[in-house]
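Notes for the one structure printed next.
Read-outs throughout are calculated quantities, based only on the coordinates presented, and are distinct from any laboratory measurement. Computed from a predicted structure; not experimentally measured. Virtual Cβ from ideal backbone geometry, glycine too; neighbours counted across all protein chains shown.
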């Protein structure tokens with residue numbers, strides 16, 4: 001029902017809030033709510049009911065004569081003519097819409113199915129990402145922590161065991177992601193932007209994003225706070241380690257584990273709330289703009305650098321760890337590598353945007 005309300009707000013937002021338009025808005029709300037309740041009573045799911053309601057009542061230009069607001073919708077023109085002339089997304093593109101779109105129109109049912117698939121598979125993505133974040137604890141911290149509590153344990157043996165466990169954890173994270181990718185593969189054309197965006201689907205995506213944006217924003221604020229605080233365990237235990245040099249490795253390991261746990265908690269808070277934003281952004285950013293294909297804005301240079309940079313980073317990590325027995329500190333290459341690559345990608349993106357703006 002919240003999506004219907006948000007969709008209704010989007011429909012009337014371009015028009016002035018005159019008494020007649022406010023009255024018509026409430027009339028349409030009642031019609032949509034009655035239809036929604038009727039569909040639920042017949043056994044339709046919430047998504048199906050919302051889709052059917054938007055399909056029947058989602059075009060304000062078509063329903064304007066029923067509501068008696070044709071004059072407000074088409075000022076200074078014959079209402080009947082106006083309805084015929086505005087069957088496309090906008091008047092300004094009427095002559096462009098006569099041409100056949102480059103891609104098929106993304107229907108409302110397809111968009112809802114895509115959003116529903118993202119919502120259902122979001123727990124898989126969250127669990128896998130959290131596993132990947134926590135996995136380094138097995139190698140970077142667990143052996144030292146185990147020896148701290150039981151000095152008789154063989155630390156070298158524990159390192160070897162931790163590597164084996166790390167591989168199993170990676171498998172536990174990768175396999176579900178592969179399954180998720182298979183489930184989403186039928187929506188590959190949406191990910192690639194190979195569709196034409198219609199007004200109805202656009203308005204629905206906007207309403208979906210508005211409905212979930214508050215919850216997502218709150219989760220993001222909590223997550224960012226946790227990510228900022230994640231530096232505290234390493235920093236604080238480093239100071240404590242100065243007073244107990246014989247326990248330095250174990251204390252630093254505790255700090256590393258604490259840092260990764262806080263990062264993982266932040267991801268657990270944020271990622272489950274991000275599915276609606278992901279779905280709507282795919283439709284907004286990667287879609288054709290009401291029948292006009294959007295050019296691929298991906299940067300081949302960034303993709304090429306990423307293809308070689310991260311395998312090189314993995315080689316540095318493994319070489320440092322195995323050849324120089326640096327398991328307790330070699331993990332640092334990952335955050336530093338991410339910062340370096342992120343800075344490069346951001347600088348490259350800013351340069352491309354500046355170049356594009358100058359060429360306009």
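Remarks
- Convex hull volume of the C-alpha atoms in region 108-296, normalised per residue: 128 Å³.
- Sorting the segments 259-272, 5-18 by their mean number of nearby beta carbons within 10 angstrom, highest to lowest, gives 259-272, 5-18.
- Cα gyration tensor shape for region 195-271, rounded if a/c is under 1.5, else prolate or oblate: prolate
- For residue 163 and residue 344, the difference between the fully extended length at 0.36 nm per residue and the C-alpha to C-alpha distance is 62.0 nm.
- For region 189-290, the relative contact order works out to 51 percent when only alpha carbon pairs closer than 8 Å and six or more residues apart are counted.
- Spin-label model, residue 224 to residue 316: label points 7 Å out along the Cα-to-beta-carbon direction sit 2.8 nm apart.
- Label-point separation, residue 174 to residue 152 (7 Å along Cα→Cβ), nm: 3.8
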